[in-house]
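Okay, handing you the structure first.
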Amino acid sequence: MPEPKIIGERIEKCPYCHAKTLRITEVVHTIPYFGEVLIVTTKCECCGYKHTSVSSLGFKRPTRYVVEVEKEEDLNIRVIRSGTATIRIPELGILIEPGPIAQGEITNIEGVLISVKELVEGLLQTAESEEERESCRRFLAQIERALKGELRFTFIIEDPLGSSALIAEDSGKVKTEPISSEELRRIKYGELALVD
């Protein structure tokens, strides 16, 4: 695998503490089975502010990536999610859509589940009714089962720009399929890939 290539580095003013100690580093990485990505890291040496964004350097076709999570080891499958991708886990009722300032991320399926778990734990703390608290508890129990490999589920990424990926040790485990024009109309940011 080629070494990462630094293509730019500079110091700017931090948006939080306003010190001119914000280091911005742009690095091109080649990721197996995926291609080149640009990782931009900003870190303030003064206040510790840090932000990282990941962008694909190639345009691909609108693609749906699907994996059946059947055992605990499958939680280690690498997730490369672009800022235009939607994540769905139908069995858990999870839908994660990109927002207007969504950024790409590199994690694994376990990391996505942990992020959702932490969000729901926060909702549990602020729930106003016992019904809401009980709903959160039931959902958290399902997430725990999934994290222990006790619950089989389908993990889906839909990316209208095809800039995401699921990378497994067994490449045959991940299914890829094109997203139709009709489906693109229903996916957040799907219109970006529609050509009239």
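The values are calculated or read from the model by the stated rules, or taken from the named source; none is laboratory data. Since the structure is predicted, the reported quantities are computational estimates derived from the model, not experimental observations. Note that each Cβ is placed from the backbone with ideal geometry, even for glycine, and that neighbours are counted across all protein chains shown.
Looking at the structure I just gave you, is Arg138 modelled with pLDDT of 95 or more and over 18 Å from Arg88 (Cβ atoms)?
Answer is yes for this residue.
Next question, about the same structure. Identify the single condition in (1) more than 13 Å from the chain's Cα centre (by Cα); (2) closer than 16 Å to Ile167 by Cα; (3) in the same structural domain as Thr154 (by TED's automatic domain parsing) that Ala85 does not satisfy, given that it satisfies every other one.
Condition (1) is where Ala85 drops out.
If we keep just the residues of segment 40-79 that are touching a helix residue (DSSP H, G or I) at 6+ places or on another chain (Cβ under 6 Å) and part of a loop (DSSP other than H, G, I, E, B), which is surrounded by the fewest Cβ atoms within 10 Å (Cβ to Cβ)?
Ile77
Checking Cys14 against (1) modelled with pLDDT of 85 or more; (2) under 21 Å from Ser163 (Cβ atoms); (3) crowded, with 16+ Cβ neighbours inside 10 Å: exactly one of these is not met. Which one?
(2)
Moving on. List the residue pairs whose Cβ atoms are under 8 Å apart, where the first residue sits in segment 160-186 and is farther than 14 Å from Glu73 by Cβ and without any contact (Cβ under 8 Å) to a residue 40 or more places away in the chain, the second is acidic (Asp, Glu) and not in a strand (DSSP E or B), and the two are 6 or more positions apart or on different chains.
Matching pairs, first to second residue: Arg185/Glu191.
Of all residues in segment 17-39, which are on the phi < 0 side of the Ramachandran plot, modelled with pLDDT under 90 and part of a strand (DSSP E or B)?
Across segment 17-39, the qualifying residues are His29, Thr30, Ile31, Glu36, Val37, Leu38, Ile39.
Here's something else I'd like to know. Residue check, Leu124 against (1) modelled with pLDDT under 95; (2) surrounded by fewer than 18 Cβ atoms within 10 Å (Cβ to Cβ); (3) outside any helix (DSSP H, G or I), all met but one. Which one?
If we test Leu124 against (1) modelled with pLDDT under 95; (2) surrounded by fewer than 18 Cβ atoms within 10 Å (Cβ to Cβ); (3) outside any helix (DSSP H, G or I), just (3) comes out false.
Then there's this: May I ask you to say which residue of Thr84, Thr52 is closer than 30 Å to Ser181 by Cβ and of a type in the set (S, T, N, Q)?
It is Thr84.
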